[in-house]
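To start, the structure itself, in structure tokens.
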Amino acid sequence: MPSYSGTCHCGRVTFSIETENSIETENALGDLYRCNCSLCTRKAIIMKPVHQDDFSLTSGQDALSCYKWHTGMAEHFFCSECGVYTHHRRRTAPDQISINVGCLTGVPQPAEDQIGLVDGAGLD
Ligand SMILES: [Zn+2]
């Protein structure tokens, strides 16, 4: 399986993911999404979900802060040094981790028409 690594801005938090397909192919890009909930709207990030077994935090456990709100089910992680959101555990699929596509190294930002929308606002 292809793997990709990602970092926060200051580099303390690093992670890697494995995906079924190359994230650069149109096929796999179907997994990319934005969410319109009140938190994601403020972050304005593009996310990609992976199974928790395909996500590895490779450094920075001590630097990670966790934000919870509303039901407290989802865990939103960000670097306490640079403030960059790196990943979160999904409320609607707790065995999945969504990662910040903008943190991935060497992956171009996807085209707008390859990004889906999750109606997180409907879950508020
Ligand atoms: Zn950082």
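The values are calculated or read from the model by the stated rules, or taken from the named source; none is laboratory data. Predicted model only: the values in this text are computed from it and were never measured. Heads up: the accessible areas ignore ligands, DNA and RNA and are worked out on the full protein's heavy atoms, side chains in. Shrake-Rupley method; radii C 1.70, N 1.55, O 1.52, S 1.80 Å.
Using a 1.4 angstrom probe, figure out how much accessible area the chain has per residue, in square angstrom, rounded to the nearest whole.
So the chain comes to 52 Å² accessible per residue, rounded to a whole number.
I'm checking a number: the convex hull volume of the Cα atoms of the chain, normalised per residue, in Å³. What is it?
Considering the Cα atoms of the chain, their hull volume per residue is 99 Å³.
Hey, got the Cα dimensions of the range 46-115 along the principal axes, in Å, largest first?
Projected onto its principal axes, the Cα set of the range 46-115 covers 31, 28, 23 Å.
Report for the chain the percent antiparallel among DSSP-assigned beta bridges with both residues inside it, nearest 5.
In the chain, DSSP labels about 90 percent of beta bridges as antiparallel.
Whole Å is fine, so just give me how far the alpha carbon centre of the range 32-63 lies from that of the range 104-118.
13 Å
Can you tell me, using C-alpha contacts under 8 Å and at least 6 residues apart, the relative contact order of the range 1-123 as a whole percent?
Rounded, it is 33 percent for the range 1-123.
Taking all protein chains as present, what is the carbon and sulfur share of the accessible area of the range 3-107, in % to the nearest whole number, probe 1.4 Å?
45 percent
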